[in-house]
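Working notes, structure below.
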Ligand code: NAD
């Protein structure tokens, strides 16, 4: 299949490489010459523009930073240059309103489109083990599934246009709030004289158990693979968690949903980013809560 891939950054680079490995002919474009050169080294062909990349393709995949980039690339380049039979897949994490608007525009121009944001970080993008949450019509999902399977291990149809983005931000709002709550519990436990490992052994088998504790413990020791054991490097950056929390709170305001825990998590990650923590793994928020961040 001939596929255009636009946005070859931290995530898109590995995803495009996996499409090549699956035997697809991938035409790549990125505003960054460095990102494009990496894609070419992985077997993609370089296009001079997004419009040039999408000419004559069967499918277009985008992996861009935020909604305005996605809206700009589709309206400015893709819609005017891609064949109407091409399937459009946006894998970026963007706001639900923009995802729905771009999909509606695509539909009006005769294109089938899905929003297919991912769960899993750079390692999963490189390893082809991402989870895709897909929004769009059933026929579009059926066409998207084999393409997404070349880049991930789990592909789930979440519902109509925008439903993939909705699933992604609801999940990450839960994750952000549960990480803050887990971190608070460890800080309090230690201040009350409990050893962190002992508290983990108890709570991971009791009703406080959650993924933030058992798979991603913010205290070093109990979960050896967690970023807390690597000075909070190389995981899911607090800046990206903050982005997703902002999207969730904004979406909640749009539909009148009450999300006080999500809003509080957003405020705490905003504060942590302001203290210089944006580049650290999001579990490092425990350092702000226990007062040791300055020394981290
Ligand atoms: P990134 O900034 O590394 O990559 C984005 C790429 O898009 C850059 O190379 C940039 O040059 C390119 N770009 C921007 N505007 C463009 C345009 N108009 N035309 C062509 N290229 C353009 O970002 P990333 O980490 O790869 O993340 C991409 C998306 O995936 C984001 O929406 C992010 O929230 C989401 N995401 C990231 C992670 C992660 O761990 N990094 C995890 C899950 C989801």
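Pick from 34, 77, 233: which residue has the top mean-square fluctuation in a GNM of the chain where Cα pairs under 10 Å get a spring? Residue with maximal mean-square fluctuation among 34, 77, 233: 34. Helix 96-108 axis versus longest C-alpha principal axis of the chain: approximately 10°, rounded to the nearest ten. In this calculation the C-beta distance from residue 211 to residue 139 is compared with R0 = 22 Å, giving a FRET efficiency of 0.05. Each DSSP beta bridge with both residues in the range 2-160 is either parallel or antiparallel, and the antiparallel ones are about 10%. Shape of the range 166-295 from the C-alpha gyration tensor: prolate (a/c of 1.5 or more and a/b above b/c, with a ≥ b ≥ c the square roots of its eigenvalues). Let a ≥ b ≥ c be the square roots of the eigenvalues of the Cα gyration tensor of the range 30-88; is it rounded (a/c under 1.5), or, if not, prolate (a/b larger than b/c) or oblate? Because a/c hits 1.5 or more and a/b fails to exceed b/c, the range 30-88 counts as oblate. Stretching the chain fully between residue 108 and residue 250 yields a gain of 48.5 nm (0.36 nm per residue, less the alpha carbon separation). Relative to the longest principal axis of the Cα atoms of the chain, the long axis of helix 163-191 makes an angle of roughly 20 degrees.
Listed from fewest to most Cβ neighbours within 10 Å, the set 281, 195 follows the order 195, 281. Any idea what angle helix 260-272 forms with the longest principal axis of the chain, computed on alpha-carbon atoms, 0 to 90 degrees, nearest 10? Taking the Cα atoms of the chain, the angle to 260-272 is about 90 degrees. Put in line by how crowded their Cβ is, counting other Cβ atoms within 10 Å and starting with the fewest, 204, 212, 283 read 204, 212, 283.
Remark: relative contact order (the chain) = 13 percent; criterion is Cα-Cα distance under 8 angstrom and separation of 6 or more residues. In the elastic network of the chain, a GNM with C-alpha springs shorter than 10 Å, the most mobile of 75, 47, 55 is 75. Between 48, 112, 17, where does the largest GNM mean-square fluctuation fall for the chain, given springs only between Cα atoms within less than 10 Å? Checking each option, the largest mean-square fluctuation is seen for 48.
Exposure proxy for 68, 2: other Cβ atoms within 10 Å of each Cβ, ordered fewest to most, give 68, 2.
No value in this document is a laboratory result; all are computed from the given coordinates. These figures come from a predicted structure and were not determined experimentally. Methodologically, a virtual Cβ is constructed for each residue, glycine included, from the backbone with ideal geometry; neighbour enumeration extends over all protein chains shown.
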